[in-house]
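**Q** The structure follows.
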Amino acid sequence: MKVSVQEEDFDVGIEHKKLALDNSQDGAVVTFTGLVRDRNQGQDVHGLTLEHYPGMTEKALMDIVLQAKQRWSLGRVTVIHRIGRLNLADQIVFVGVTSQHREAAFQAAEFIMDYLKNDAPFWKKERTKQGERWVEFNDKDKAAAKRW
Amino acid sequence: MIKVLFFAQLKERLNCGELRLDLDKSLSVNSLKTHLKAQGDIWQECLEDGRVLVAVNQTMANADTIINREDEVAFFPPVTGG
């Protein structure tokens, strides 16, 4: 299990390799990458800055991964979340999960993302033409976490 | 001494990221909020907001959670990562 909160970008290819390398018991690798989108809540977005709660962020992510491991039989899990100033199309978050079969890996990756969006102390501040604004919490994200 | 942290909108609106308080006895999150709200209108307004979340020692907590000396308490808005 690897959890990292970092300013630096990550390489999806390298992360995928680390999940799959010498891991012949797992037949499934599922990864998700979240990017900075150019539009949100009706406004054009030029970029964003991610603030977090150092210390608690890592603990919260670790806890979410442990919950996923209790629910599904998983092999390796990687969660990377970036902080600081990001531009359009930059990578924000990476979740990678391996399992013997695809079903558990798909579900666990989605579970981790849904819980991360509700429980991990990160906050996005967007840059728009009208100035900077804090992103409002999305009720859809709350509903997504409730289904598990 | 307890450490009280504020993040994101709260930090900006209160113009305060961190403060220290001397406690002579343990108190609940709710009592701490009442104490902080007395610091002025903006404190009252920000901490009154029902959406504000609280963590004690980096674990999500609630109004009844007890805070002891040397604890770290954090107030913040709903999270928007991912």
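The values are calculated or read from the model by the stated rules, or taken from the named source; none is laboratory data. Because the structure is predicted, anything quoted here is derived from the model rather than measured. Ideal geometry is used to build each Cβ from the backbone, glycine not excepted, and the neighbour counts take in all protein chains shown. Accessible surface areas use protein heavy atoms only, side chains included; no ligands, DNA or RNA. Shrake-Rupley method; radii C 1.70, N 1.55, O 1.52, S 1.80 Å.
**Q** Here are some residues: A:Ala144, A:Ala108. Which one is more than 10 Å from chain B (Cβ to nearest Cβ), crowded, with 16+ Cβ neighbours inside 10 Å, part of a helix (DSSP H, G or I) and modelled with pLDDT of 95 or more?
**A** A:Ala108
**Q** Still on this model: If A:Gly75 meets every condition in (1) open to solvent by 30 Å² or more (accessible area, probe 1.4 Å); (2) more than 14 Å from chain B (Cβ to nearest Cβ); (3) assigned to a loop (DSSP other than H, G, I, E, B) apart from one, which number is that one?
**A** Condition not satisfied by A:Gly75: (1).
**Q** If B:Pro77 satisfies all but one of (1) open to solvent by less than 50 Å² (accessible area, probe 1.4 Å); (2) in contact with a strand residue (DSSP E or B) (Cβ under 6 Å, 6 or more places away or on another chain), what's the number of the condition it fails?
**A** Checking B:Pro77 against (1) open to solvent by less than 50 Å² (accessible area, probe 1.4 Å); (2) in contact with a strand residue (DSSP E or B) (Cβ under 6 Å, 6 or more places away or on another chain), the one that fails is (2).
**Q** Just checking, which of A:Asp38, A:Asp9 is farther than 24 Å from A:Ala144 by Cβ, more than 14 Å from chain B (Cβ to nearest Cβ), touching a strand residue (DSSP E or B) at 6+ places or on another chain (Cβ under 7 Å) and not small (Gly, Ala, Ser)?
**A** A:Asp9
**Q** If you don't mind, another one. Looking at (1) in contact with a Cys (Cβ under 9 Å, 6 or more places away or on another chain); (2) more than 10 Å from chain A (Cβ to nearest Cβ); (3) among the hydrophobic types (A, V, I, L, M, F, W, C), which one does B:Leu10 not meet, given that it meets all the others?
**A** (2)
**Q** Would you please name the residue that is modelled with the highest pLDDT, looking only at residues in the stretch B:14-57 that are surrounded by 15 or more Cβ atoms within 10 Å (Cβ to Cβ) and over 12 Å from the mean Cα position of the chain (by Cα)?
**A** B:Leu27
**Q** Sort out which residues of the stretch B:37-82 are assigned to a helix (DSSP H, G or I) and either farther than 16 Å from B:Gln9 by Cβ or within 14 Å of chain A (Cβ to nearest Cβ) (or both), and write them in order of number.
**A** Selection gives B:Lys37, B:Asp41, B:Cys46.
**Q** Another question, if that's okay. Does any residue of the stretch A:64-72 turn out to be modelled with pLDDT of 95 or more, out of contact with any Pro (no Cβ under 9 Å at 6 or more places or on another chain), open to solvent by 20 Å² or more (accessible area, probe 1.4 Å) and under 20 Å from A:Asn138 (Cβ atoms)?
**A** Among the residues of the stretch A:64-72, not one is modelled with pLDDT of 95 or more, out of contact with any Pro (no Cβ under 9 Å at 6 or more places or on another chain), open to solvent by 20 Å² or more (accessible area, probe 1.4 Å) and under 20 Å from A:Asn138 (Cβ atoms), which makes the answer no.
**Q** Somewhere in the stretch A:129-136, is a residue away from chain B (no Cβ under 14 Å), part of a strand (DSSP E or B), of a type in the set (Asp, Glu) and open to solvent by 70 Å² or more (accessible area, probe 1.4 Å)?
**A** No, the stretch A:129-136 contains no residue that is away from chain B (no Cβ under 14 Å), part of a strand (DSSP E or B), of a type in the set (Asp, Glu) and open to solvent by 70 Å² or more (accessible area, probe 1.4 Å).
Rundown of residues vs (1) of a type in the set (D, E, K, R); (2) within 16 Å of the chain's Cα centre (by Cα); (3) at pLDDT 95 or above; (4) open to solvent by 20 Å² or more (accessible area, probe 1.4 Å), yes/no style:
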position	(1), (2), (3), (4)
A:Thr33	no, yes, yes, yes
A:Asp38	yes, no, no, yes
A:Thr49	no, yes, yes, yes
A:Pro54	no, no, yes, yes
A:Leu61	no, yes, yes, no
A:Ile92	no, yes, yes, no
